[in-house]
Amino acid sequence: MAIVMVVTLVALVGAVIAGLVIGPTSIGTWRVVGDALSHVGVGHSTLTPLQSTIVWQLRAPRMVLGLLAGAMLAVAGGTYQGVFRNPLADPYLLGVAAGAGLGATFAIAGLGGGLTTPSWTPLLAFVGALAAVIVTWLIGGRRLRSSPATLILAGVAVSALLTSAQTYLQQQSTGSIARVYIWLLGSLATASWQSVSMVLPYVVVCAMICVGAARALDVMSVGEDESRSLGLPVRRVRLVVIAASSLGTAAIVSAVGLIGFVGIIVPHIVRLLVGTSYRRILPISVFFGAAFLVGADTIARTVLAPTELPLGVVTALIGAPVFVVILSVRRPVAL
Amino acid sequence: MSVEVTHLSVRAGAKVLVDDVDLAIEPGTWCTIVGPNGAGKTSLVETIAGLRRPSAGSVSISGRSLLAMNERERARSVSLVPQHPVIPSGMSVYDYLALGRVAYHGLFRNASPADRAVIESVVERLGLSEFRERDVITLSGGERQRMVLARALVQSTMVIVLDEPITGLDLRHQMELLELLKGEVAECGLTVLATLHDLTLAGQFADRLVLLDQGRVILDGPAGQVVRSDELAEHYGMNLRVVDVDGADVVVPVRH
């Protein structure tokens, strides 16, 4: 456990440095560190104004947004897997992705009759994501106790409906297909300090709620009835953690689009390394997810520079082999 | 602690599972509910454990209605050994037992020294010391059921509800588990409410037997009296003979 935590933190620091240092414009690590220290009154910066702008206005917000997105998607995925006791659960399970996709398509294609513009994309994606989860909950939430799968199936149905609507709108607006497609694949390319400040409160609050619910998820591993007999207010816990996971994911999706794979694979990798207790899985997933996504983004924006690879492609290309290797050398653990 | 069940009815849609049941179980009593499949035994004990909401009537522990308690209060009053416990893979026996203290230390604090002392005491009494670090999934059926009983004892409730606790165990482990529980009842003055299919064991371990059929109480009395009642055989729809073996009643089914 301690070793995994140390390795995760080292990977996080490495990803942060790589996120700031690596790029088409070569800037040495120590010069970036020196510049950072000069901002707090230690030493002098050796960066030119252009280099300083590249580091702090382009790479830094992108890196921070990557940290937030990776942390939130990983912890939300782990939380969903715990609350539904389903290894296939990911943050998009209850319709977040489809709802956000529909909202974003609406904005990008300018289908609001002049009332909406592409700059509305984050807002409409956020609204679409939350609306989808609320509709899913209204359909399946009441029967959650008697039939927990109902909520998941409601999510599948809502996702299918919204995805078909999104596809239809996309086909009706052929001029914007490429932009919609790029958004759907997810990217940190449009990151700014403004987008960081918009998602930061959601991620901090929602991730803290998810991590804080870790002991409750451990109790829920014995099923709903036994959890209740042990004193757990199962329905309240479930409502709170689903709301927090969905809200945090919606905020992230509205800023970076649909980045796949992180939410499902990171908690599983962590589970294989540290065991089944959510008190270990969720906090480590926060850091591991953050490091993983920033590392993946660094590769996405540099390997074919100046062209960027879609981030979702890189997360899968790196994550799948890593997962397979760990899966083959560690004993699989159930939820 | 006493258990008072007053005019209790439980429905699932239009189906009546428990029909106007009255029971008053004195502190330190072992009361076993018997009855054919579908009699409503599980629904009754689950309601007494607070897992089902009555459609009418009430359940009180020492005069306090279950409905007036929050989840943690209820978990400190009545514990449950379910018929089919969920065994979570990857959890150690000690961590599994520690779940029984969540109602005391809450979700945001670790187990206190007092909580750990309770767990250690139960581990010792139920002979689980050698298993404490084992993954629960690696235990045998008998060991698992002993562990589930131990978790209920870790909850430190004075009322313990057991729903078919010996299902799937061989004869030795059945006796072993019930003897362990009997020892706890004698030592701690627990009130036990159990359901059992085995009428012989039900008669030998319980102070009192309640025959339930179609959700209603048919017979309620001292164990020896109920197992020898003609109504017992009638409600099971079969020939039953009771044989005295070294002073113990043994209930034997006889082919028509």
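What follows draws every value from the coordinates through simple rules; no lab data is involved. What you see is a predicted model, and the numbers here were worked out from it, not measured in a lab. Positions of Cβ are backbone-derived with ideal geometry, glycine not excepted, and every protein chain shown enters the neighbour counts.
A few notes on this one:
- Free of any trypsin sites (Lys or Arg not before Pro) that DSSP assigns to a loop and that have at most 15 other C-beta atoms within 10 Å, the longest stretch within chain A is A:146-329.
- Magnitude of the charge dipole, the protein assembly as shown, Cβ model with Lys/Arg +1 and Asp/Glu -1, debye to 20: 2160
- Dimensions in Å of region B:155-212 - Rg and Dmax from alpha carbons: 11.2, 29
- Residue among A:Ser173, A:Ser246, A:Ser38 with the largest mean-square fluctuation in a Gaussian network model of chain A, springs linking Cα atoms under 10 Å: A:Ser38
- Rounded, prolate or oblate (a/c below 1.5 giving rounded, otherwise prolate when a/b exceeds b/c) for region A:185-278 by Cα gyration tensor: prolate
- Percent antiparallel among DSSP beta bridges (both partners in the protein assembly as shown, rounded to 5): 60
- Using a Gaussian network model of chain A in which every pair of alpha carbons under 10 angstrom is joined by a spring, one finds that among A:Val303, A:Val196, A:Val270 the greatest mean-square fluctuation is at A:Val303.
- Prolate/oblate/rounded call for region A:125-211, Cα gyration tensor, a/c under 1.5 rounded: oblate
- Taking A:Ala97, A:Ala320, A:Ala244 as the candidate residues, the one with maximal mean-square fluctuation in a Gaussian network model of chain A, Cα springs under 10 Å, is A:Ala320.
- One quarter of the surface of the convex hull around the alpha-carbon atoms of region A:241-322 equals 5.7 nm², the direction-averaged projected area.
- Semi-axis lengths, Å, region B:210-256, gyration tensor of Cα atoms, sqrt of 5 times eigenvalues: 19, 15, 6
- Farthest toward the positive end of the dipole of region B:148-235, out of B:Val217, B:Val148, B:Leu169, is the Cα of B:Val148, where the dipole comes from beta carbon charges about the Cα centre.
- Convex hull volume per residue for the protein assembly as shown, taking Cα atoms only, in Å³: 194
- C-alpha long axis of helix B:141-154 to longest principal axis of chain B, angle in °: 70
- Rg over Rh, two decimals, region B:1-137 (C-alpha only, Kirkwood Rh): 1.02
- Rounded to the nearest 20 debye, the dipole magnitude of chain A is 600 debye, with +1 charges on Lys and Arg beta carbons, -1 on Asp and Glu beta carbons, and the Cα centre as origin.
- Helix runs (DSSP H) in chain A reaching 18 Å along axis by Cα, Kyte-Doolittle at least 1.6: A:2-21, A:121-140, A:193-212, A:311-329
- Dipole orientation for the protein assembly as shown: of the candidates B:Asn110, B:Ile87, A:Val286, A:Val286 has the Cα lying most toward the positive pole (charges on Cβ; Lys, Arg +1; Asp, Glu -1).
- Computed over region B:102-182, Cα set: Rg, Dmax in Å: 13.4, 42
- CD proxy at 222 nm, helix term only [per DSSP H run n ≥ 4: -39500 (n - 2.57); per residue of chain B; nearest 500]: -9500 deg cm²/dmol
- Across every pair of non-identical alpha carbons in region B:170-256, the mean reciprocal distance, once inverted, gives a Kirkwood radius of 13.9 Å.
- The alpha-carbon atoms of chain B define a convex hull whose volume equals 138 cubic angstrom per residue.
- Degrees, to the nearest 10: B:171-188 long Cα axis against longest axis of chain B: 70
- If you wrap the Cα atoms of region A:1-120 in a convex hull and average its projected area over all directions, you get 12.1 nm².
- Total charge dipole magnitude, region B:1-120, about the Cα centre, Cβ charges on Lys, Arg, Asp, Glu only, Debye to nearest 20: 320
- Most positive-pole-ward Cα, A:Val64, A:Val42, A:Ser277, against dipole of chain A from beta carbon charges: A:Ser277
- Value of [θ]222 nm, deg cm²/dmol, for chain A, DSSP H segments ≥ 4, -39500 (n - 2.57) each, nearest 500: -24000 deg cm²/dmol
- Kirkwood radius for chain A, taken over all pairs of different Cα atoms as the inverse mean of 1/r, rounds to 20.6 Å.
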